[in-house]
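**Student:** Next up is a structure, given as structure tokens.
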Amino acid sequence: GQLPTWLQGILLRNGPGIHTIGDTKYNHWFDGLALLHSFTFKNGEVYYRSKYLRSDTYNCNIEANRIVVSEFGTMAYPDPCKNIFAKAFSYLSHTIPEFTDNCLINIMKTGDDFYATSETNFIRKINPQTLETLEKVDYSKYVAVNLATSHPHYDSAGNILNMGTSIVDKGKTKYILFKIPPSVPEKEKTKSCFKHLEVVCSIPSQSLLHPSYYHSFGITENYIIFIEQPFKLDIVKMATAYIRGVNWASCLSYHKEDKTWFHFVDKKTKKEVSTKFYTDAMVLFHHINAYEEDGHIIFDIIAYTDNSLYDMFYLKNLTKDFEENNKLTSIPTCKRFVVPLQYDKDAEVGSNLVTLPSTATAVKEKDGSIYCQPEILCEGIELPRINYDYNGKKYKYVFATEVQWCPVPTKIVKFNMQTKEILHWGEDRCWPSEPIFIPSPDAREEDDGIVLTCVVMSDPKEAPFLLVLDAKTFKELGRAIVDVEMHLDLHGMFIPEKDLKTEAE
């Protein structure tokens, strides 16, 4: 096929690449050592490259020829890298272990720089052109967080907004929203952007010893949306995991009898909205988008009724009969919540406060809190992406992978949130990755552009490829076949040519 002539830049992707080191194996797919790969588009041609992230974790493991650094699903013993990774720590001081810098989940842009990220306090700078691993940044040197999301948001000024959990401060577990500027003042050119990181606000955890796990958060023009779900980390268990010989993942548990709390932070005042909004227990990883309309916040997420998704990816479950034998016990559901921030304070108890046309409800309770029920938009989609120019604004389209009862995607879809129309792309034995939308330079409409996805074949004898679709019609424009093995990845980003430093710089 043909690539659009305007497509110039790099599609950069990240994900777990290697699961066996020497005689040792990781327990979980999300533990594998990070493998970066990229597709460079130049004058109608595509160049592929891949490279392991040379993290301290990677270097320690390779040097020892076994797994010596613990990951979320795999506890490693004993640890000859003690000089880099803190020793098992005392339960009494509630300190937290020093985590791995195996940044395998996503790519983040900060000013002119790019970082591989995971959910610990470490990120690794990389060169997007050569995939070389550069310096390590520790968030906790600039803000008191031990965990941070891999799904930051970017505002129109290029600032990064991200959230992390602070478990450092004894008895004061909280979620911290922080902002990183894209550049530093001229006179401080030697300093990094992280030195100018500012805390926007913090939200105390409902439970000091059981903070909520979260993978992403939402944003509108004026608000930050944080969902405190009853999928929680047990800090006491985590503090003793090493001594008990269990992995950190076993310290996560789902409390299905609990509520899910919605927090809305006003960006201008940096204060949380005082009304308590909640819904039933659920587990979510990905926010899709959110916006404001007539005094309401509307946000779309993909939610599950249990935490079976994480368990599916234990490698013992990923056998050759994986597709037949592994069934999710909860299908991903795309839910739209409509939350009335401005409502009649004298409204009767039991009345629905949503005044927009929607089947979503927000009912006033006796104690003044508001119980929200969503509108179900569709089922069976994951890894959602939008046209990011519409982030925080009213929008129509989500691009996603289609997953039914099996967690490995077999199709990608374009779903219209307003009309519920759906377009698919899928072929036999194809496992596509998260679809990335790239707007065309003269785009007038939200879906003017293309969609890129990396496709791995379930039959190892068949070559993987990069697929390019017209975002409007979902028709194939072209594919670039890759003659080396490609891995299933997680997330990534497209970097337009103008955002790449020239080699001289």
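The values are calculated or read from the model by the stated rules, or taken from the named source; none is laboratory data. Small disclaimer: the values here were computed from a predicted structure and weren't measured. For neighbour counting, all protein chains shown are included, and Cβ atoms are generated from backbone atoms with ideal geometry for every residue, glycine included. Heads up: the accessible areas ignore ligands, DNA and RNA and are worked out on the full protein's heavy atoms, side chains in. Shrake-Rupley method; radii C 1.70, N 1.55, O 1.52, S 1.80 Å.
**Student:** Got a sec? What order do Asp311, Asp300, Asp470, Asp138 fall in by accessible area at 1.4 Å, biggest, i.e. largest, first? Write down the numbers at each step before the final one.
**Tutor:** On the way: Asp311 70, Asp300 0, Asp470 45, Asp138 25 Å².
I get Asp311, Asp470, Asp138, Asp300, largest accessible area first.
**Student:** Here's a follow-up. Over the range 343-500, what percent of the accessible surface lies on carbon and sulfur atoms, probe 1.4 Å? Display every interim value, and only then the final one.
**Tutor:** Numbers: 3750 of 7460 Å².
Here carbon and sulfur together make up 50 percent of the probe-accessible area.
**Student:** Can you list the lysines whose alpha carbon is less than 19 Å from that of Lys366, not counting same-chain residues fewer than 8 positions off?
**Tutor:** In chain and number order, the partners are Lys259, Lys276, Lys345.
**Student:** Using the basic label-point model (7 angstrom from Cα toward the beta carbon), what is the Tyr314 to Thr473 distance in nanometres?
**Tutor:** Modelled inter-label distance: 4.8 nm.
**Student:** Same structure again: If I take the Cα coordinates of the chain and project them onto the principal axes, what are the three extents in Å, biggest first?
**Tutor:** Taking max minus min along each principal axis of the Cα atoms, the chain gives 65, 60, 58 Å.
**Student:** For the pair Glu421 and Thr269, what calculated FRET efficiency results from E = 1/(1 + (r/R0)^6), where r is the Cβ-Cβ distance and R0 = 51 Å, to the nearest 0.05? Numbers along the way, then the final one.
**Tutor:** On the way: r = 39 Å, r/R0 = 0.77.
E(calc), rounded to 0.05, equals 0.85.
**Student:** Heavy atoms only, 1.4 Å probe, whole protein assembly: order Glu135, Glu365 by accessible area, highest first. Before the final figure, lay out each step's value.
**Tutor:** On the way: Glu135 95, Glu365 55 Å².
Result, largest first: Glu135, Glu365.
**Student:** So how much slack lies between Thr5 and Glu198, counting 0.36 nm per residue of separation and subtracting their Cα-Cα distance, in nm? Kindly include the intermediate steps, with their values, before the conclusion.
**Tutor:** Values: separation 193, 0.36 × 193 = 69.48 nm, distance 4.06 nm.
Gain on stretching Thr5 to Glu198: 65.4 nm.
**Student:** A further question follows. Roughly how many Å² of Cys430 are accessible to a 1.4 Å probe, to the nearest 10?
**Tutor:** For Cys430, solvent-accessible area is about 0 Å².
**Student:** Follow-up. So what is the 222 nm mean residue ellipticity for the chain from helices alone, if each DSSP H run of at least 4 adds -39500 (n - 2.57) and you divide by all residues, rounding to the nearest 500 deg cm²/dmol? Numbers along the way, then the final one.
**Tutor:** Details: 4 runs with 28 residues, N = 505.
Dividing the helical sum by the residues of the chain leaves -1500 deg cm²/dmol.
**Student:** A further question on this structure: Which ³J(HN,Hα) values, rounded to whole Hz and listed in residue order, are derived for the range 459-467 from phi using the Karplus coefficients 6.51, -1.76 and 1.60 in 6.51 cos²θ - 1.76 cosθ + 1.60 with θ = phi - 60°, glycine and proline given as x?
**Tutor:** Residue by residue, the range 459-467 yields 9, x, 7, 9, 6, x, 7, 9, 10 Hz.
**Student:** Grab the Cα-Cα distance for Val349 and Ile18, subtract it from 0.36 nm times how many residues apart they are, and report the gain in nm with one decimal. Display every interim value, and only then the final one.
**Tutor:** On the way: separation 331, 0.36 × 331 = 119.16 nm, distance 5.55 nm.
Contour length minus Cα-Cα distance gives 113.6 nm.
**Student:** Oh, and also: Could you pull out every residue, at least 5 positions away or on a different chain, whose amide H is within less than 5 Å of the one on Tyr223? Hs are placed 1.01 Å off N in the peptide plane, and Pro or chain starts have none.
**Tutor:** Excluding prolines and chain starts, which carry no amide H, the hits are Lys267.
**Student:** I'd like the Karplus ³J(HN,Hα) series for the range 468-480: coefficients 6.51, -1.76, 1.60, θ = phi - 60°, whole numbers in Hz, and an x wherever there's a Gly or Pro.
**Tutor:** Those phi angles translate into 10, 10, 6, 5, 6, 9, 6, 8, 6, 9, x, 9, 10 Hz.
**Student:** Right, here's the next one. Please state the equivalent ellipsoid semi-axes for the range 237-277: what are the square roots of 5 times the Cα gyration tensor eigenvalues, largest first, in whole Å?
**Tutor:** Working: eigenvalues 235, 45, 8 Å².
Sorted largest first and rounded, they come to 34, 15, 6 Å.
**Student:** Considering only protein heavy atoms, what is the solvent-accessible area of Arg244 at a probe of 1.4 Å, reported in Å² to the nearest 10?
**Tutor:** In the full protein context, Arg244 sits at about 120 Å².
**Student:** While we're looking at this one, here's another question. Could you give the distance between the Cα centres of the range 17-79 and the range 387-442, to the whole Å?
**Tutor:** 28 Å
**Student:** Ranked by accessible surface with a 1.4 Å probe, highest first, in what order do Ser55, Ser140, Ser274 come? Walk me through the numbers before you get to the answer.
**Tutor:** Details: Ser55 0, Ser140 55, Ser274 105 Å².
My answer, sorted largest first, is Ser274, Ser140, Ser55.
**Student:** Taking R0 as 60 Å, what FRET efficiency do you get between Ser369 and Asn43 from their Cβ-Cβ distance, rounded to the nearest 0.05?
**Tutor:** Details: r = 58 Å, r/R0 = 0.97.
Here the calculated transfer efficiency is 0.55.
**Student:** To continue, here is another question. Using modelled amide H (1.01 Å from N, peptide plane; none on Pro or chain starts), what sits under 5 Å from the amide H of Lys276, excluding residues fewer than 5 places away?
**Tutor:** Close amide H contacts, sequence-distant or interchain: Ile370.
**Student:** Hey, another quick one. Rounded to whole Hz and in sequence order, give me ³J(HN,Hα) for the range 238-246 from the Karplus expression 6.51 cos²θ - 1.76 cosθ + 1.60, θ = phi - 60°, writing x for Gly and Pro.
**Tutor:** Taking θ as phi minus 60°, the curve returns 5, 5, 10, 4, 4, 5, 7, x, 10 Hz for the range 238-246.
**Student:** Once amide H atoms are placed 1.01 Å from N in the peptide plane, what residues at a sequence separation of 5 or more from Cys201, or on another chain, have their amide H within under 5 Å of its amide H?
**Tutor:** It is Leu177, by chain and number.
**Student:** Go through Lys51/Lys195; Lys393/Lys498; Lys109/Lys191; Lys232/Lys256; Lys179/Lys270 and tell me which ones have a Cα-Cα distance over 21 Å in this structure. Can you show the working numbers first?
**Tutor:** Working: Lys51/Lys195 29 Å; Lys393/Lys498 25 Å; Lys109/Lys191 17 Å; Lys232/Lys256 11 Å; Lys179/Lys270 12 Å.
As for pairs spanning more than 21 Å Cα to Cα, those are Lys51/Lys195; Lys393/Lys498.
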